[in-house]
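The values are calculated or read from the model by the stated rules, or taken from the named source; none is laboratory data. These numbers were taken from a predicted model, which means no experiment stands behind them. We place every Cβ from the backbone using ideal geometry, glycine too, and count neighbours over all the protein chains shown.
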Amino acid sequence: MKIIINADDLGGAVRINEAIFELMAHRRITSATCMATGPAFDSAISGARLFPDCSFGVHLDITGNPSLTRAAELEALRKLANQSPRQVRRVVMTRPLKAAIYSEWSAQIKKLLSAGVPITHVDSHHHTHTIPGLLLVLRKVLRENAIPSARISQNIFCERQPWSRLLKKALWNHALRNLCGVTTVEGFADFATIAEAMAAGELRHRTIEAMVHPGSAGYDQETRLLSNSLALRARGGVELVNYRALVAGKGAR
């Protein structure tokens, strides 16, 4: 079983950067995604250069920090997300809104590439890249920038889920791999869920991404669990890898 431990929100704050890089130094994290919109972007880039054995991607953001393009449509979306991130998934993705998101995502990717970061994969703040109405926008930016991988929608749970929800997620993941043409892991969830599923012997995936948020408010318990070297090794047969290794091995593609 190969597991990528990916830290979201790199660049979101200095304390987040410091927490991520400390865990990378202790080999508890193998990958991270950087927010081009983050106020601590420059220190994130400086720190990333110290970890050539880790993979770095882009944490696409249209719901957190002010956008790079300052489009009015995106500011309205951000204000809605501040009230309730779930509301964003109910927004009708009109042609002007899709165009604004495409321009913003492109600008964020360009900012990382211009800083010398080879982008191995993408994910997003509040998982907005998994909104079905944005699939073709995502495909366009992935193809134009030759980005080889992207995060799938969560498909590992410790509690029973409605079959309709699981089906929607499976269909989106299938479309991501086949319509966007990227390499992906077979399973994805937050770190605590994966650790619990592993302890119960319920993981059957060959490749997995575990999402973590070190340094972010409300994630202290997750970071403590992550700092425990036994958290994902208790059952043995686990290899920690990054997204470059996933693409080289072709993952679930």
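Results, tabulated for the structure shown:
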quantity: Residue in the stretch 47-80 that is surrounded by the fewest Cβ atoms within 10 Å (Cβ to Cβ), counting only those that are more than 17 Å from residue 137 (Cβ to Cβ) and touching a helix residue (DSSP H, G or I) at 6+ places or on another chain (Cβ under 6 Å); calculated: 80
quantity: Members of the stretch 1-22 that are small (Gly, Ala, Ser) and closer than 14 Å to residue 219 by Cβ; calculated: 7, 12, 13, 19
quantity: Residue in the stretch 213-234 that is out of contact with any Pro (no Cβ under 7 Å at 6 or more places or on another chain), on the phi < 0 side of the Ramachandran plot, modelled with pLDDT of 95 or more and not in a helix (DSSP H, G or I) present; calculated: yes
quantity: Matching residues, the stretch 185-204, being assigned to a loop (DSSP other than H, G, I, E, B), at pLDDT below 95 and either under 20 Å from residue 243 (Cα atoms) or of a type in the set (A, V, I, L, M, F, W, C) (or both); calculated: 200, 203, 204
quantity: Selection count where residues are over 21 Å from residue 165 (Cβ atoms), within 20 Å of the chain's Cα centre (by Cα), among the aliphatic types (A, V, I, L, M) and surrounded by fewer than 20 Cβ atoms within 10 Å (Cβ to Cβ), scope the stretch 86-126; calculated: 4
quantity: Residue in the stretch 173-184 that is at pLDDT below 95, hydroxyl-bearing (Ser, Thr, Tyr) and assigned to a loop (DSSP other than H, G, I, E, B) present; calculated: no
quantity: Selected residue (criterion: surrounded by the fewest Cβ atoms within 10 Å (Cβ to Cβ)) from residues of the stretch 1-21 that are of a type in the set (A, V, I, L, M) and part of a strand (DSSP E or B); calculated: 3
quantity: Selection count where residues are touching a residue at least 12 places away in the same chain (Cβ under 8 Å) and either assigned to a loop (DSSP other than H, G, I, E, B) or loosely packed, with under 15 Cβ neighbours inside 10 Å (or both), scope the stretch 140-153; calculated: 8
quantity: Qualifying position, being within 21 Å of residue 212 (Cα to Cα) and out of contact with any Pro (no Cβ under 8 Å at 6 or more places or on another chain), among 141, 122; calculated: 122
quantity: Filter result for residue 137 (modelled with pLDDT of 95 or more, crowded, with 17+ Cβ neighbours inside 10 Å and over 16 Å from residue 252 (Cβ atoms)); calculated: yes
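Condition check ((1) out of contact with any Leu (no Cβ under 8 Å at 6 or more places or on another chain); (2) surrounded by fewer than 21 Cβ atoms within 10 Å (Cβ to Cβ); (3) among the hydroxyl-bearing types (Ser, Thr, Tyr)) across all residues:
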{"residue": "128", "(1), (2), (3)": "no, no, yes"}
{"residue": "155", "(1), (2), (3)": "no, yes, no"}
{"residue": "167", "(1), (2), (3)": "yes, yes, no"}
{"residue": "170", "(1), (2), (3)": "yes, yes, no"}
{"residue": "182", "(1), (2), (3)": "no, no, no"}
{"residue": "185", "(1), (2), (3)": "no, no, no"}
{"residue": "198", "(1), (2), (3)": "no, no, no"}
{"residue": "201", "(1), (2), (3)": "yes, yes, no"}
